[in-house]
Amino acid sequence: MDGITFGRTSLLCTLLLWALQVCGGAVLVKVAPVVEVMKGESAKLPCTYTTPAPSGNTVVEWYIDEQGNRKRVAFSQGGERKSDDNTPLSGRVTIGEDFTLTISDVQPSDELDFYCQVTAGPAGVGEGSTLLKVFFAPEKPELTKPSSQAISVGETSSSEIGTCMAVNGHPMPRIIWFKDDQPLPEVKDRNEKTHMVPSVVKEASGLKSARSDLYMQPTKADKDSVFHCVVEYSMPGDEIMQKMSNTITINLNYPSEKATFSLLNTEPVKEGDAVTMKCETDGNPQPEFDFTHDDKAINGVGGVLTLKSVKRTDAGVYKCTATDFDNLDADLSGAITLNVNYIDPVSVIPAEPQVVMLGDKVEWQCKTKGSATHTVQWKKGSEVLSQSGTLSIQAASYENAGEYVCVGAVPSVPGLTAMASVTLTVKGKPMIETPAVGEVTKEGDMVTLKCSAYGFPAPQFTWKPSGKESVSVEGSKVVSSVTLEATPEVMKDGVECEASNVHGSTSQTFLVSLKRADPQQGGSSGVVIAVVVCVLLLLLLVALIYFLNKKSKLPCGKKGKKEMASGEVNTDIVVEMKTDKANEEAGLLNKIR
């Protein structure tokens with residue numbers, strides 16, 4: 001073959017090989033178009049191929065596309081499988097027997113186009129491309145306010161409301177702004193009153209951080225608005241997820257249009273109470289306030305007027321006035337009419353302690369005045385004795401002695417009361433309560449007796465016969481206790497207690513007797529004993545009958561029956577017993593003389 005022919009043949013082969021490569025040849029390569037994986041996990045990129053005829057020298061190679069340039073990262077040829085050095089995937093990539101490319105510890109920088117190229121000798125060359133997509137959820141977004149001062153309503157330019165940051169996500173997260181839980185349209189035109197300024201930061205890790213600054217020209221209606229942001233991000237399988245930030249409000253300055261002056265006390269005001277009045281406007285910041293009481297200046301602090309322990313002279317008209325230099329035409333004033341409820345000290349006549357004789361009449365008068373309808377009650381302890389200002393005792397007794405309180409109250413004002421007290425002492429000779437009977441188990445035992453007596457001055461006690469004595473005071477009475485031996489004389493005549501004072505004496509005899517046994521308990525015991533005796537006698541009778549029957553000492557037969565029937569036996573008791581068998585009879589005769 002000459003050189004021209006050889007050259008033409010080589011050119012034709014080259015053209016045919018080029019045509020096979022361009023048209024895909026007869027080598028068919030199958031790969032996954034997209035493989036999705038979370039950052040840090042392992043990714044598997046499968047690759048299979050078919051050829052028209054087996055080839056002994058097939059080469060499978062994996063490439064990546066870096067900024068338009070292909071770079072091989074792994075290959076398989078003749079049973080040998082290796083990864084290439086000096087590539088972004090060195091040390092993290094392997095190729096398997098089925099030509100699957102495995103990438104460990106996937107990073108955001110691995111999000112590339114991967115190409116599986118198969119060269120099968122005369123069959124030609126084929127390839128397929130796989131896009132590796134890497135995902136990582138960003139952190140919860142953080143919303144911060146600017147460090148600048150408050151925003152004023154009516155400014156001609158937009159003011160910064162807040163900054164939302166969502167860091168370390170992949171792919172790029174999206175930030176959405178909300179005001180009062182309603183999403184704000186995404187506006188990037190800085191000429192608009194409300195707009196956002198987005199920015200992106202690529203971190204050294206390959207992850208992306210999104211930032212968005214919100215600008216507005218707020219109105220007074222925004223003074224209570226609540227702002228937050230949401231980061232929206234993608235996950236494998238076309239899943240869209242969200243995370244919500246913290247919330248912020250804006251410090252907004254706006255002029256006052258009206259003032260409110262209010263009394264903070266919830267109950268009617270009475271003398272001695274602390275009173276708080278508050279003056280405020282619907283603007284921000286609050287202006288300075290001036291206070292007056294019946295047109296006389298009075299000092300308050302920051303819109304709050306406090307009166308400590310008010311008196312009835314503190315009642316009257318209180319006014320507050322504010323001046324807002326951003327709205328001088330507004331009427332910023334308010335007024336409160338303060339009523340201070342009161343009750344005068346209670347006056348009791350006679351006021352001095354009363355000392356009367358037993359049976360005398362006693363009477364007191366109680367008076368007071370109040371700012372509203374009031375009541376007067378006389379009480380002794382918790383007992384109400386009179387609903388008027390007069391308390392009368394027609395015949396004083398020892399039980400009447402003690403302290404009496406007159407209480408004046410204004411029912412319409414809780415806690416508004418006044419009171420005064422007087423004491424009553426009742427004089428007279430002693431009165432002894434009805435004595436109780438003393439009891440002992442047997443004569444000669446020790447017995448304790450108590451003698452209770454009323455009287456003023458306090459009575460002195462004398463016991464006849466005497467014993468070991470002690471004295472105590474129980475309310476308005478004096479109690480003397482004596483312990484002595486229950487001698488025959490004491491059991492017969494009793495013990496006399498005499499109580500005496502300067503007004504006279506009184507005596508009572510205390511009887512001492514033996515304790516009686518409980519008749520109900522004795523009756524019960526007798527019944528039990530009787531039942532036990534009857535049961536024992538019955539058992540004894542049964543045992544005797546059984547014993548005599550065994551010894552055959554009781555006459556049995558028809559003769560006995562005939563005697564019974566004919567009445568020949570006068571004083572005998574006959575018992576006849578029959579068995580279930582018709583040919584058996586037995587008689588039992590027991591003579592009782």
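Values quoted throughout were computed directly from the atomic coordinates according to the rules given, and no laboratory measurement underlies them. Everything numeric here is computed off the predicted structure, so don't read it as measured data. For neighbour counting, all protein chains shown are included, and Cβ atoms are generated from backbone atoms with ideal geometry for every residue, glycine included.
If r is the Cβ-Cβ distance from ALA297 to VAL502 and R0 is 51 Å, what FRET efficiency results, to the nearest 0.05?
Details: r = 70 Å, r/R0 = 1.37.
With R0 = 51 Å, the Cβ-Cβ based efficiency is 0.15.
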**Complete:** 1/(1 + (r/R0)^6) with r = Cβ-Cβ of ASN265 and ILE349, R0 = 30 Å, i.e. FRET efficiency to nearest 0.05, evaluates to 0.25
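Quickly estimate the mean residue ellipticity at 222 nm for the chain, helices only: each DSSP H run with n ≥ 4 gives -39500 (n - 2.57), and the total goes over all residues, rounded to 500.
Values: 4 runs with 68 residues, N = 593.
Mean residue ellipticity at 222 nm (helix-derived): -4000 deg cm²/dmol.
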**Item:** the chain - charge dipole about Cα centre, Lys and Arg +1 at Cβ, Asp and Glu -1, debye rounded to 20
**Value:** 3280
**Fill in**
With 0.36 nm assigned to each residue of separation and the Cα-Cα distance removed, THR276 to THR247 gains 7.0 nm
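Quick one: if the Förster radius is 41 Å, what FRET efficiency do SER421 and THR441 give, using the C-beta to C-beta distance and rounding to 0.05? Could the numbers behind the result be given before it?
Numbers: r = 50 Å, r/R0 = 1.22.
Once the sixth-power term is evaluated, E becomes 0.25.
Just the Kirkwood number for the chain, please: inverse of mean 1/r across all distinct Cα pairs, in Å, one decimal. Walk me through the numbers before you get to the answer.
Numbers: mean 1/r = 0.0244 Å⁻¹.
Across the chain, the inverse of the average 1/r is 40.9 Å.
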**Prompt:** If Lys and Arg each add +1 and Asp and Glu each add -1, what is the summed charge of the other residues whose beta carbon sits under 11 Å from the beta carbon of GLN117?
**Reply:** 0
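Which order, highest average first, do 379-387, 311-319 follow once you tally other Cβ atoms within 10 Å for each residue and take the mean per peptide? Let's see the in-between values first.
Details: 379-387: 11.4, 311-319: 14.9.
Final packing ranking: 311-319, 379-387.
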**Request:** Determine the principal axes of the Cα atoms in region 259-338, then give the extent along each, sorted from largest to smallest and rounded to whole angstroms.
**Result:** 41, 23, 17
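Which of LYS270/LYS367; LYS369/LYS427; LYS30/LYS71; LYS270/LYS361 have a Cα-Cα distance over 31 Å?
Beyond 31 Å: LYS369/LYS427; LYS270/LYS361.
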**Complete:** Any residue on another chain or 5+ positions along whose placed amide H is under 5 Å from the amide H of HIS503 is listed here as none
**Fill in**
Expressed in nanometres to one decimal, the distance between label points 7 Å along Cα→Cβ at SER90 and ASP238 is 4.0
**Asked** For LYS133, which aspartates and glutamates qualify as cross-link partners when the Cα separation must be under 16 Å and same-chain residues fewer than eight apart are set aside?
**Response** GLU36, GLU41, ASP65, GLU66, ASP105, ASP110, GLU111, ASP113, ASP238, GLU239
**Item:** Karplus 3J(HN,Hα) series, Hz, for region 184-195 with 6.51 cos²θ - 1.76 cosθ + 1.60 (x for Gly, Pro)
**Value:** 8, x, 7, 10, 10, 6, 6, 7, 7, 4, 10, 8
**Request:** With just the Cα atoms of region 21-134, tell me how far they stretch along each of the three principal axes, in Å, largest first.
**Result:** 41, 27, 22
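Using the Cβ atoms and a cut-off under 13 Å, what net charge is assigned to the surroundings of THR102, where Lys and Arg are +1 and Asp and Glu are -1? Before the final figure, lay out each step's value.
Values: positive: LYS44, ARG81, ARG92; negative: GLU41, GLU97, ASP98, ASP105, ASP110.
Summing Lys and Arg as +1 and Asp and Glu as -1 gives -2.
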**Request:** Could you please report the charge total around VAL502, scoring K, R as +1 and D, E as -1 over all other residues with beta-carbon less than 11 angstrom from its beta-carbon?
**Result:** +2
